[in-house]
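Let me begin by presenting the structure, written as structure tokens, before commenting on it.
Every read-out reported here was derived from the displayed coordinates using simple, explicitly stated rules and does not represent laboratory data. The shown structure was predicted, so the numbers you read here are calculated from the model rather than taken from an experiment. Here Cβ is always computed from backbone atoms with ideal geometry, including for glycine, and neighbour counts include all displayed protein chains.
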């Protein structure tokens with residue numbers, strides 16, 4: 001699923017989520033991929049007949065009108081799209097008694113495997129919402145002798161799970177302790193700590209088929225000591241895809257580990273997002289005449305065909321986003337939606353949530 005598909009799906013979900021009916025009169029239909037669309041039309045026609053038995057005349061009118069609008073819309077399709085079709089129809093007038101029957105449809109980015117027909121007070125959106133829920137993740141472990149932090153990378157977001165401090169004494173021994181005895185105490189405390197971290201990792205990652213890999217980081221030899229012994233169960237050791245030298249072992253360490261692991265995650269969304277935002281910032285620094293930010297200026301440059309790449313924050317105004325996306329499509333510009341939860345997303349927010357890399361200097365010169 002690419003950025004544009006995600007945006008369109010989120011946009012539809014957000015719009016349909018706003019509507020609530022007074023009675024069960026909003027119609028949701030999910031047609032699985034490969035299913036005969038004519039069978040659905042016949043079923044909806046039968047439901048129209050059944051709707052004449054609804055006691056409330058207002059509800060009856062709204063249901064029949066919604067079904068009729070949906071049937072007319074489905075007749076525009078010669079066959080069910082490759083990934084199936086989700087269709088929604090209903091009277092969304094704000095005042096009771098008024099009629100404003102609308103219809104929406106989308107071919108999902110992921111094949112539908114459910115068939116649903118439902119009349120309710122709200123549209124059925126769970127199958128579409130599930131498509132936006134990123135299930136695969138990477139495990140992240142950062143560790144030294146003082147502390148460890150375990151988290152996950154899910155989509156574009158780092159989610160810290162557990163931070164644990166060790167009981168390993170510092171390198172300065174108390175008076176009266178012999179050096180060998182003190183060293184032995186440090187080693188025993190370290191072993192207990194490694195075991196604790198291994199147990200936490202097992203609880204977080206073991207038996208999770210959606211775990212794509214584990215990356216471990218930390219300063220010095222601690223991470224290697226942790227990995228070279230059997231503190232991680234075999235299944236998790238086999239999932240390790242990289243070990244990185246980093247400075248920090250708190251939540252910032254998780255971010256540092258991600259930055260040092262771009263070679264391992266080059267096909268993941270979070271790395272691609274980082275690359276495109278960094279390209280925008282580097283171009284701004286070296287060739288400021290080849291970047292733009294601000295809605296009106298970017299809109300003007302899109303109209304001129306001067307924009308090569310458009311960056312939009314995910315929470316930027318929907319209507320303005322739609323307007324810019326349409327202009328980008330018309331001019332062949334790439335569009336990237338940038339997460340609000342990453343460092344790169346925060347950087348783009350400083351520019352008002354919009355940025356553009358230009359093909360040429362619109363005000364003269366290349």
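For the reader, a short list of remarks on this structure follows.
- Acute angle (nearest 10 degrees) that the helix 179-205 long axis makes with the longest principal axis of the chain, alpha-carbon atoms: 10 degrees
- If the Kirkwood radius is taken over C-alpha pairs of the range 45-203, then at 37 °C and 0.692 mPa s the Stokes-Einstein diffusion coefficient equals 151 µm²/s.
- Just so you know, the Rg over Rh for the range 3-132 is 0.96, from Cα atoms, with Rh as the Kirkwood radius.
- Computed over the chain, the P(r) tail beyond 26 angstrom holds 65 percent of alpha carbon pairs.
- Length-normalised contact order for the chain - Cα pairs under 8 Å, 6+ apart - percent: 14 percent
- A full extension of the chain between residue 297 and residue 266 corresponds to an added length of 7.9 nm, given 0.36 nm per residue minus the alpha carbon distance.
- Estimated FRET transfer efficiency when R0 is 45 angstrom, pair residue 133-residue 363 (beta carbons, to 0.05): 0.50
- Rounded to the nearest 0.05, the FRET efficiency derived from the C-beta distance between residue 322 and residue 36 at R0 = 35 Å is 0.60.
- Spread of Cα-to-Cα distances over 10 Å intervals beginning at zero, given as percent, for the range 20-61: 24, 46, 26, 5
- Spacing of the modelled spin labels on residue 75 and residue 210, each 7 Å from Cα toward Cβ, amounts to 4.3 nm.
- You can think of it this way: the chain between residue 241 and residue 118 has 39.7 nm of extra reach, that is 0.36 nm per residue less the Cα-Cα gap.
- For the range 215-352, radius of gyration divided by Kirkwood radius, i.e. Rg to Rh on alpha-carbons: 1.13
- Rel. contact order, % - alpha carbon contacts under 8 angstrom, at least six apart, the range 3-132: 39 percent
- Here the spin labels are modelled as points 7 Å beyond Cα on the Cα-Cβ line, and at residue 202 and residue 43 they lie 4.7 nm apart.
- log₁₀ of I(q)/I(0) at q = 0.26 Å⁻¹ - the range 312-354, Debye sum with one point per alpha carbon: -0.88
- Principal-axis tilt of helix 37-51 within the chain, Cα atoms, nearest 10 degrees: 70 degrees
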